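Everything on this sheet refers to the single structure shown next.
The values are calculated or read from the model by the stated rules, or taken from the named source; none is laboratory data. Worth saying up front: this structure is predicted, and the values here are computed from it rather than measured. Cβ placement follows ideal geometry from the backbone for every residue including glycine, while neighbour counts extend to all protein chains displayed.
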Amino acid sequence: MQNPQGRGTQGFSHRGAGRTIVSRKAYWSFAAAVLLFLILLNSFKVQDLVAAAFGYKGSAPMFELDQMICGSTADKVFDVLTAYGESGSKAYTFLLRTCDLVFPFLYGSFYFCQSAW
């Protein structure tokens with residue numbers, strides 16, 4: 001589909017007064033990406049595989065502090081971060097930055113598609 005300037009819209013069509021209608025294909029693509037990312041993160045423990053690629057061989061799993069239901073104490077945080085060591089800290093920083101960029105993008109895109117559908 002072409003917009004008035006002659007450029008393609010890549011799955012988005014413009015109708016009405018500035019309202020963007022998202023195609024079903026774009027909507028379900030974003031929905032599948034969100035679902036796939038959640039499955040990979042939780043089922044296959046991608047975070048532990050990435051940590052191993054950084055050379056982390058410790059016993060504390062990545063994101064252990066995020067998975068504590070009852071909260072954490074300063075001593076527990078210190079113990080976990082000490083157990084991570086240098087390679088675990090680098091892996092944790094990489095994973096945290098990646099997730100902090102990917103999750104908001106996926107959820108924001110999915111919300112945009114949902115609200116525009």
Practice problem: Output the number of the condition that ILE21 fails; it satisfies all remaining conditions of (1) among the aliphatic types (A, V, I, L, M); (2) in a loop (DSSP other than H, G, I, E, B); (3) touching a residue at least 24 places away in the same chain (Cβ under 8 Å). | Solution: (2)
Quiz prompt | Cβ pairs under 6 Å, 6+ apart, first in segment 78-97 and farther than 13 Å from GLN47 by Cα, second in a helix (DSSP H, G or I) and not hydroxyl-bearing (Ser, Thr, Tyr) | solution = VAL80/LEU65
Self-check item: Failed criterion for VAL34 (all others in (1) at pLDDT 85 or above; (2) under 30 Å from GLN114 (Cβ atoms); (3) of a type in the set (Val, Ile, Thr) hold)
Solution: (1)
Quiz item: Take the residues of segment 61-84 that are touching a Leu at 6+ places or on another chain (Cβ under 9 Å) and either at pLDDT 85 or above or of a type in the set (Ser, Thr, Tyr) (or both): which is nearest to ARG97 (Cα to Cα)?
Solution: MET62
Self-check item: Near pairs, Cβ below 7 angstrom, 6+ apart or cross-chain, from segment 52-76 (polar (S, T, N, Q)) to any residue that is surrounded by 10 or more Cβ atoms within 10 Å (Cβ to Cβ)
Solution: SER59/ALA83; SER72/LEU65
Exercise. Among the residues of segment 87-117, write down those that are in contact with a Gly (Cβ under 9 Å, 6 or more places away or on another chain) and either loosely packed, with under 14 Cβ neighbours inside 10 Å or not charged (D, E, K, R) (or both).
Key: SER87, GLY88, ALA91
